[in-house]
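To keep things clear, I will list the structure first and then write my remarks on it.
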Amino acid sequence: MIAGMWIRSTLAYRASFVMMLVGNFLVTAFDFVVIALMFSQVRSLGGYSFAEVAFLYGTSTTAFGLANAVLGSIDKLGARIRDGTLDTLLVRPAPVLAQVAADRFGLQRLGRLLQGVLVLTGSLLSLHVHWTVLKVLLVPVMLLSGTAIFCAVFVAGAAFQFWAQDAAEVQSAFTYGGQTLLQYPPTVFAKDMVRGVTFVLPLAFVNWLPALYVLGRPYPLALPAWLAFTPPLVAAACLTLAGQAWRVGIRSYRSTGS
């Protein structure tokens, strides 16, 4: 209902909505422009062709775009905690997480999602991959699991704000920063970084592990190929842990006292 209200409010000014949507599309497209400019000077990046990097970019951006469309407003939780307006959400007969996510729901965020889908589609048409049934099915599974993992990171970051109260930038480092990291092949990063996003914060399961299986590329850490099919399990575990962190955060909230 809250999201519907904001959608109706946005669509009441259609010209403004179109301009914001196009603006969001163009701003987020600059990341891909940077990649395209790199390939105007080199033939490969970390051993990967332009189409392969575009595939990584498209999968990470599409998954993040879906998560951002659903939970993009949650990074404003810290401001609500500081000014005490979170109290109004606690007394309503609806889950607080759903209310925070729906608050100021912005359709213009779909610009990022649209841009990711377009790049992903173009990469799929350009890739020279021997497609099998497993590889075809792995692409939508990768996108859905990646979306769930990013959603878990959004929720966990929001839960942290119950204690930090002003940690929106820290949260963005793992959400927006993680998405940017996954746009590039793992071979361009130090192995310690790759280990961190594989075994500590499992962002590698968003697209690196399944995407490298689709592309027929070995993973830098020489992990077994079957891990490419585990993103749904990793996503379920991440959502469970993020949900627990959120519940602990809600229980620890003590308002501003005003």
Take the conditions surrounded by fewer than 23 Cβ atoms within 10 Å (Cβ to Cβ), farther than 17 Å from Y48 by Cβ and touching a residue at least 24 places away in the same chain (Cβ under 8 Å) and apply them to T198. Does it pass? yes
Could you go through the stretch 101-112 and let me know if any residue there is in a helix (DSSP H, G or I) and more than 19 Å from the chain's Cα centre (by Cα). no
Residue pairs meeting the criteria (Cβ under 7 Å; at least 6 apart or on separate chains; first over 29 Å from D31 (Cβ atoms), in the stretch 64-93; second of a type in the set (K, R)): L86/R80
Is there a residue being free of Cβ contacts under 8 Å to residues at least 60 places away in the same chain, assigned to a helix (DSSP H, G or I), within 13 Å of the chain's Cα centre (by Cα) and within 15 Å of T147 (Cα to Cα) anywhere in the stretch 222-243? no
In the stretch 1-40, which residue that is exposed (fewer than 15 other Cβ atoms within 10 Å of the Cβ) and among the polar types (S, T, N, Q) is modelled with the lowest pLDDT? S9
All but one of (1) part of a helix (DSSP H, G or I); (2) surrounded by fewer than 20 Cβ atoms within 10 Å (Cβ to Cβ); (3) at pLDDT 85 or above; (4) of a type in the set (D, E, K, R) hold for R43; which doesn't? (1)
Please enumerate the residues belonging to the stretch 17-56 that are polar (S, T, N, Q) and either free of Cβ contacts under 8 Å to residues at least 24 places away in the same chain or under 15 Å from A211 (Cα atoms) (or both). S40, Q41, S44, S49
Restricting to the stretch 103-154, count the residues that are aromatic (F, W, Y) and touching a Phe, Trp or Tyr at 6+ places or on another chain (Cβ under 7 Å). 2
Name the one entry in G65, G72, G84, G78 that is over 23 Å from the mean Cα position of the chain (by Cα) and over 20 Å from P185 (Cβ atoms). G84
Kindly indicate whether any position in the stretch 143-156 is aromatic (F, W, Y) and in contact with a Gly (Cβ under 7 Å, 6 or more places away or on another chain). no
Do we have any residue at all in the stretch 98-114 that's farther than 22 Å from G157 by Cα and of a type outside the set (A, V, I, L, M)? yes
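The values are calculated or read from the model by the stated rules, or taken from the named source; none is laboratory data. If you're wondering where the values come from, they're calculated on a predicted model, not measured in any experiment. Cβ atoms come from the backbone with ideal geometry, glycine included; neighbour counts cover every protein chain shown.
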